[in-house]
Each structure stands twice: as structure tokens, then as C-alpha cells.
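Working notes for the structure below.
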Amino acid sequence: MIFNEKFECMDRGQLRALQGERLRDAACRAYENVPLYKKLFAEKGVTPDDIQSIDDITKLPFTVKDDFRDAYPFNMFAVPQREIVRVHASSGTTGKPTVVGYTRRDIALWAETCARTLGCGGGTPEDVVQIAYGYGLFTGGLGMHNGGEALGAMVIPMSGGNSKKQLMLMQDFGTTLLCCTPSYSLLLAEVAEEEGIDFKQLKLKTGFFGAEPWTEAMRLQIEERLNLKALDIYGLSEVIGPGVASECLEQHGLHVFEDHFYPEIINPETGEPAAPGEKGELVFTCLTKEAIPLIRYRTRDITSLEEAVCACGRTSRRMARVTGRTDDMLIIRGVNVFPSQIESVLMKVEGTEPHYLIVVDKSGAMDELEIKVEVSPEIFSDEVRQLEDLKKRINVEMASVLGLHAKITLVEPKSIERSMGKAKRVIDARDMA
Ligand SMILES: [Zn+2]
């Protein structure tokens, strides 16, 4: 179901005109009300009057995560605090969280874009949506919750964890749409297997999986084990939360709800726009948000944009699956390595489970890359020779994809810690000494 056909299927020319008007308005609100923007605009020598069309967006300055840290807690807000009806926060790597605020209209906008997300996956008012993202300061739970209600579906506010109960409610309430992290969906699959629950007997149709990077190979696993269509969804709290972009049932890129969130791809080194279709860092401008009219925010996520109109009828540009972040790229012995590359290799090798841990450490002056891989129970009970053979196959694949040698350690089934939310897959011990 297309939740808002007028905007999701808008003629591209009309959409660009609308984006231009909205950008000028957002730039004015940011400039007039947030000291940070007055300063950044002045450094760039621009004012909101320089914005005549959406193409002028490249004249505006970038913002980054540190700007939120410096503005802690409320200095990014462009409206008086009495107009804020909700705050959320995401944990920063150091100390204080990143705080975001919403006006009443922002909350309504957010509910709509999350309802569009559910619509992208075939959701209608007939559906039963189980929210297994965490509630609280994290945006995942409440964001998709409001989206489900805006769609008119029946929402089960289950939150994360408590897997047996999740499965019981799926059976008893007839859940059709599931929202959680991709790694948690696999934990649910494991628990279901232990409990003797067959997903083929459940009514699940579509899963909306986000909040952590995952691969195509993992998608195939999830679809098979949970017997549903697994969609990649995208969002971040600085922009609004979930509901920034979503795959449709075509599963060919994530539709960006770009009448509200304008995407750009830049070269992360130079800050210059990337060529159409080229990979680079994803940048977002919030065209309509009141509390935080975010301008050219550098997400550090690496992706590309597809302009062709999708078979589903939506006209918005589609972003490719995020393949890594500019800041989660590991540099090992001078070679750039993304955790997603390692995952895609492991998914291809038979006999391994989708649970792994990447450990980078130093041995003398040399970086050491170790990959701990869970093996499937059948292989684990086999002869030593089989395990050695598996190790060898992983090694060869890994070397050809990464371009460097990794130490492969096979570990027992279910020995790597499971996550109820975002999985932690990388330990970089090089700076901890
Ligand atoms: Zn589509």
C-alpha cells in the first residue's frame, strides 16, 4: 500500500520545486534561530537569500555529529523549549548522548514517514505490527510504534528481548509485520527452533529490519528461517529516527522520503558532490522539521543513490544498502576493511552460522586480524579434519576478498553472545593497551 501517494509518487520536476521552497524555508529557520547556523553560514559567506532552488544546497555548510555534542543538550533546537513535546537520545561513543527534540508537528511527520515505511512492505490497516525494537530514548521502538498507529494497523508494543514471549504473541495475536534489528530476528529464529515453533505456521509477512548494517546474504538466511520478506529500513535519530528511507517489496534500494529528508552523496575526503550513481558519504537535510531543521548533516554512512523510477510506482530516489561507515572502516596493515565484507564472505561459506566477532589487535608492530566464527552444530560434531577443511575454505575466501590474511578461529555453536538490539561485532584492541 502506498500510504501517501501524492508525495511518494510525485512528478520529479514538481518534487524538486517543492524541495527548493522547503529548503529555503528550512535555511531561514535554522539561520534565524540557531546560533551555530548563523556562525556556519557566515563562515561560508552565505545567507538564506542565496537559496533559489534545491541545486543551491551545495552553497550551504555541513553539520556533523560533534555539533550535537557541542550543543548538548538543547542548543540545536530552533524553537522555544515549550514547543518541544518529546526528546530522544542516542548514545555517543564518549560520555554525553546525542539529544534530539520534536515539536507536535515533527511527531506527526515522523509517524507519517514510519507509516510510509510499513506501507512500503505491504502494510495496511488490516495488519498486526509487533514492535521488537527497544522503547525509551532510542528512536526505534516509539518511532515504528507511532507509524503503525498512523497506518491504522494494530500495534503490539513488545519492545526488545523476552524472546519466548515475542514468539507466543506472534502465534496468539497473529502478528503479520515484525520490526526489530536483523541480528535479533536470527535470535528469534534460534529460540523458535528450540521451542519447536515452525514459522510456516505463523502469519508473518514482512520484517522491517534496521539500526545496524547487514548484508544480502543475511537477508536470504532471515527470509528462509523466519519465512517472511525481509526489508532493509534506514534512519538515524539526528535526522528523525526510523522512517527516513525504506525498501519496498521490489527489494531494490531504499526509497528516501525526500519530500522531507533531502539526500546527497559527497566524496568524504573533499566534501564535493559525487557523480550520479557514484558511492560516497550520505548527507541529509531536514526540509520540514521544526525543532531541528538539520542542514547537510554528514551521516558517515557509505552508499549511492539511484534515480530511476521504481517498479512499485514510487518516484523517490533509492539509496543502496549501506555498506559501511566512514568511521567503522578498519585499517589493517594499510588495507581498508569493512566488517560488511567479512560478513558477506562468512555467509557464503557453508557450515558457518551468521554469528561472528572481529578482533583487531597488535602483535609486536603488526596489526593482527582475527575472526571468530561460529560453526553449525552438524559440522562441530564432525571430525577434526572437517573443521580444518572449513577453516581453510574461509581463509582462502577471506584473503581473496579482503586482500590480507586473517586468523580464523572456529568456535562452538551459540558461544558468541547474542544481542537483543544492535549486535557488537568488532573489537579493536589496538588502542586499548
Ligand atoms: Zn519501490
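Some values worked out for this structure:
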{"item": "So GLU417, is it surrounded by fewer than 16 Cβ atoms within 10 Å (Cβ to Cβ) and within 30 Å of LEU236 (Cβ to Cβ)", "result": "yes"}
{"item": "Residue within region 80-102 that is in a loop (DSSP other than H, G, I, E, B) and modelled with pLDDT of 95 or more present", "result": "yes"}
{"item": "Verdict on GLY313 being open to solvent by less than 40 Å² (accessible area, probe 1.4 Å) and under 30 Å from VAL384 (Cα atoms)", "result": "no"}
{"item": "Single residue of region 1-47 satisfying the filter (acidic (Asp, Glu) and closer than 28 Å to GLY123 by Cβ) that is most open to solvent (accessible area, probe 1.4 Å)", "result": "GLU5"}
{"item": "Count of region 63-85 residues which are closer than 17 Å to ILE266 by Cβ and surrounded by 15 or more Cβ atoms within 10 Å (Cβ to Cβ)", "result": "3"}
{"item": "Given (1) hydroxyl-bearing (Ser, Thr, Tyr); (2) open to solvent by 10 Å² or more (accessible area, probe 1.4 Å); (3) out of contact with any Leu (no Cβ under 6 Å at 6 or more places or on another chain), index of the condition THR181 fails", "result": "(2)"}
{"item": "Count of residues meeting criterion [closer than 15 Å to ILE57 by Cβ, in a loop (DSSP other than H, G, I, E, B) and open to solvent by 10 Å² or more (accessible area, probe 1.4 Å)] in region 236-275", "result": "4"}
{"item": "Pair list, Cβ < 6 Å and 6+ apart or interchain, from region 156-174 residues that are among the small types (Gly, Ala, Ser) to residues that are open to solvent by 10 Å² or more (accessible area, probe 1.4 Å) and in a loop (DSSP other than H, G, I, E, B)", "result": "SER159/GLY134; SER159/TYR135; GLY160/GLY134; GLY160/MET420; GLY160/GLY421; GLY161/MET420; GLY174/LYS203"}
{"item": "Pair list, Cβ < 8 Å and 6+ apart or interchain, from region 397-420 residues that are in the same structural domain as VAL373 (by TED's automatic domain parsing) to residues that are open to solvent by less than 40 Å² (accessible area, probe 1.4 Å) and among the aromatic types (Phe, Trp, Tyr)", "result": "ILE416/TYR356; SER419/TYR184; MET420/TYR184"}
{"item": "Unique match (being surrounded by 15 or more Cβ atoms within 10 Å (Cβ to Cβ) and touching a helix residue (DSSP H, G or I) at 6+ places or on another chain (Cβ under 9 Å)) among GLU343, GLU370", "result": "GLU343"}
{"item": "Search result, residues across region 65-96 that are more than 21 Å from PHE284 (Cβ to Cβ) and touching a residue at least 60 places away in the same chain (Cβ under 8 Å)", "result": "GLU83"}
{"item": "Selection from region 73-84 of residues that are in contact with a Leu (Cβ under 9 Å, 6 or more places away or on another chain) and not aliphatic (A, V, I, L, M)", "result": "ASN75"}
{"item": "Condition met for CYS286 (within 16 Å of the ligand (Cβ to nearest atom), modelled with pLDDT of 95 or more, surrounded by 22 or more Cβ atoms within 10 Å (Cβ to Cβ) and not β-branched (Val, Ile, Thr))", "result": "no"}
{"item": "Criterion violated by ASP389 - all others in (1) within 18 Å of ILE222 (Cβ to Cβ); (2) open to solvent by 30 Å² or more (accessible area, probe 1.4 Å); (3) part of a helix (DSSP H, G or I) satisfied", "result": "(1)"}
{"item": "Flag if SER363 is over 23 Å from PRO213 (Cα atoms) and either open to solvent by 20 Å² or more (accessible area, probe 1.4 Å) or in contact with a Phe, Trp or Tyr (Cβ under 9 Å, 6 or more places away or on another chain) (or both)", "result": "yes"}
{"item": "Verdict on ASP50 being touching a residue at least 40 places away in the same chain (Cβ under 8 Å) and open to solvent by 50 Å² or more (accessible area, probe 1.4 Å)", "result": "no"}
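Quick grid of which residues meet (1) within 16 Å of the ligand (Cβ to nearest atom); (2) touching a helix residue (DSSP H, G or I) at 6+ places or on another chain (Cβ under 7 Å); (3) under 21 Å from LEU178 (Cα atoms):
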{"residue": "THR215", "(1), (2), (3)": "no, yes, yes"}
{"residue": "LEU228", "(1), (2), (3)": "no, no, yes"}
{"residue": "ILE233", "(1), (2), (3)": "yes, yes, yes"}
{"residue": "SER246", "(1), (2), (3)": "yes, yes, yes"}
{"residue": "TYR262", "(1), (2), (3)": "no, yes, no"}
{"residue": "ILE265", "(1), (2), (3)": "no, no, no"}
{"residue": "GLU272", "(1), (2), (3)": "no, no, no"}
{"residue": "PRO276", "(1), (2), (3)": "no, no, no"}
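One line per residue, one yes/no per condition, for (1) out of contact with any Leu (no Cβ under 7 Å at 6 or more places or on another chain); (2) in the same structural domain as VAL283 (by TED's automatic domain parsing); (3) not small (Gly, Ala, Ser):
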residue	(1), (2), (3)
GLN14	yes, yes, yes
PHE41	yes, yes, yes
ASP66	yes, yes, yes
ALA71	no, yes, no
SER91	yes, yes, no
ILE107	yes, yes, yes
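The values are calculated or read from the model by the stated rules, or taken from the named source; none is laboratory data. It should be emphasised that the depicted structure is a prediction, and the values quoted were computed from it without experimental measurement. We place every Cβ from the backbone using ideal geometry, glycine too, and count neighbours over all the protein chains shown. Surface areas here come from the heavy atoms of the whole protein model, side chains and all, with no ligands, DNA or RNA. Shrake-Rupley method; radii C 1.70, N 1.55, O 1.52, S 1.80 Å.
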